[in-house]
1. Would you check if Ala136 is assigned to a loop (DSSP other than H, G, I, E, B), in contact with a helix residue (DSSP H, G or I) (Cβ under 6 Å, 6 or more places away or on another chain) and modelled with pLDDT under 95?
2. Given the criteria without any contact (Cβ under 8 Å) to a residue 24 or more places away in the chain and of a type outside the set (A, V, I, L, M), does Arg34 qualify?
3. Sort through Arg53, Arg82, Arg34, Arg86 and tell me the only one that's surrounded by fewer than 18 Cβ atoms within 10 Å (Cβ to Cβ), of a type in the set (D, E, K, R) and modelled with pLDDT under 95.
4. Select from the stretch 89-132 the residues that are farther than 20 Å from Glu46 by Cα and among the polar types (S, T, N, Q) and write down the one among them that is surrounded by the fewest Cβ atoms within 10 Å (Cβ to Cβ).
5. Of these, Val60, Val76, Val123, Val105, which one is in contact with a Leu (Cβ under 8 Å, 6 or more places away or on another chain) and among the β-branched types (Val, Ile, Thr)?
6. Has the stretch 120-131 got at least one residue that is under 19 Å from Ala9 (Cβ atoms), at pLDDT below 95, in contact with a strand residue (DSSP E or B) (Cβ under 6 Å, 6 or more places away or on another chain) and not in a helix (DSSP H, G or I)?
7. Could you tell me how many of the residues in the stretch 29-47 are part of a helix (DSSP H, G or I), more than 11 Å from Leu14 (Cβ to Cβ) and not basic (Lys, Arg)?
8. Can you tell me which residue among Val105, Val76 is in contact with a Gly (Cβ under 6 Å, 6 or more places away or on another chain) and more than 18 Å from Ala24 (Cβ to Cβ)?
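The values are calculated or read from the model by the stated rules, or taken from the named source; none is laboratory data. Values in this document were obtained by computation on a predicted structure and should not be read as measured data. Here Cβ is always computed from backbone atoms with ideal geometry, including for glycine, and neighbour counts include all displayed protein chains.
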Amino acid sequence: MTVFVDTSALYALLDSNDPAHPDAAAFFARDGRREKLQTTSYVVLESAALVHRRLGSDSVRALLTDLIAPIEVVWVDEETHRAGVRSFLAALSAHASLVDHVSFVVMRSNGIFRAFSYDDDFVRAGFELAQASRGA
């Protein structure tokens with residue numbers, strides 16, 4: 001089964017001070033090797049910007065060279081981008097970002113129902129969170 005990987009999980013894996021770090025590390029160690037992991041180029045971009053700003057150069061290098069390596073990255077095309085923008089604009093009162101809405105579009109089109117994430121916007125969008133504390 002494929003699990004979508006969100007920025008919140010990638011960040012938690014890299015920041016040992018993040019409250020979700022122990023759970024993220026446990027999930028990634030246990031399930032990250034047996035589950036197919038997928039994310040988008042938008043999540044990689046968002047994660048790189050966040051990690052570089054908060055954790056610095058060594059951490060962003062680890063993200064881009066090591067952590068992303070086993071994850072299939074789906075490159076967002078124009079059609080997917082436009083669908084994400086439509087979804088985002090239709091739900092502006094909600095807290096989900098444009099990157100989240102593009103993620104939802106990719107997840108639905110690829111039949112992915114679980115997200116390795118600490119962002120409840122995925123639950124509000126109808127997805128299940130895949131975390132160690134939730135039993136995968």
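1. Values: assigned to a loop (DSSP other than H, G, I, E, B): yes; in contact with a helix residue (DSSP H, G or I) (Cβ under 6 Å, 6 or more places away or on another chain): yes; modelled with pLDDT under 95: yes.
It is true that Ala136 is assigned to a loop (DSSP other than H, G, I, E, B), in contact with a helix residue (DSSP H, G or I) (Cβ under 6 Å, 6 or more places away or on another chain) and modelled with pLDDT under 95.
2. Values: without any contact (Cβ under 8 Å) to a residue 24 or more places away in the chain: yes; of a type outside the set (A, V, I, L, M): yes.
Yes: the conditions hold for Arg34.
3. Answer to the selection: Arg34.
4. Out of the qualifying residues, it is Ser93.
5. On the way: Val60 fails: in contact with a Leu (Cβ under 8 Å, 6 or more places away or on another chain); Val76 fails: in contact with a Leu (Cβ under 8 Å, 6 or more places away or on another chain); Val105 fails: in contact with a Leu (Cβ under 8 Å, 6 or more places away or on another chain).
On inspection, the qualifying residue turns out to be Val123.
6. Checking the stretch 120-131: at least one residue is under 19 Å from Ala9 (Cβ atoms), at pLDDT below 95, in contact with a strand residue (DSSP E or B) (Cβ under 6 Å, 6 or more places away or on another chain) and not in a helix (DSSP H, G or I).
7. So in the stretch 29-47, the residues part of a helix (DSSP H, G or I) come out as 29-31, 41-47.
With the extra rule that they be more than 11 Å from Leu14 (Cβ to Cβ), the set shrinks to 29-31, 41-46.
From what is left, the residues that are not basic (Lys, Arg) are 29, 31, 41-46.
Count: 8.
8. Values: Val76 fails: in contact with a Gly (Cβ under 6 Å, 6 or more places away or on another chain).
Just one listed residue meets the conditions, Val105.
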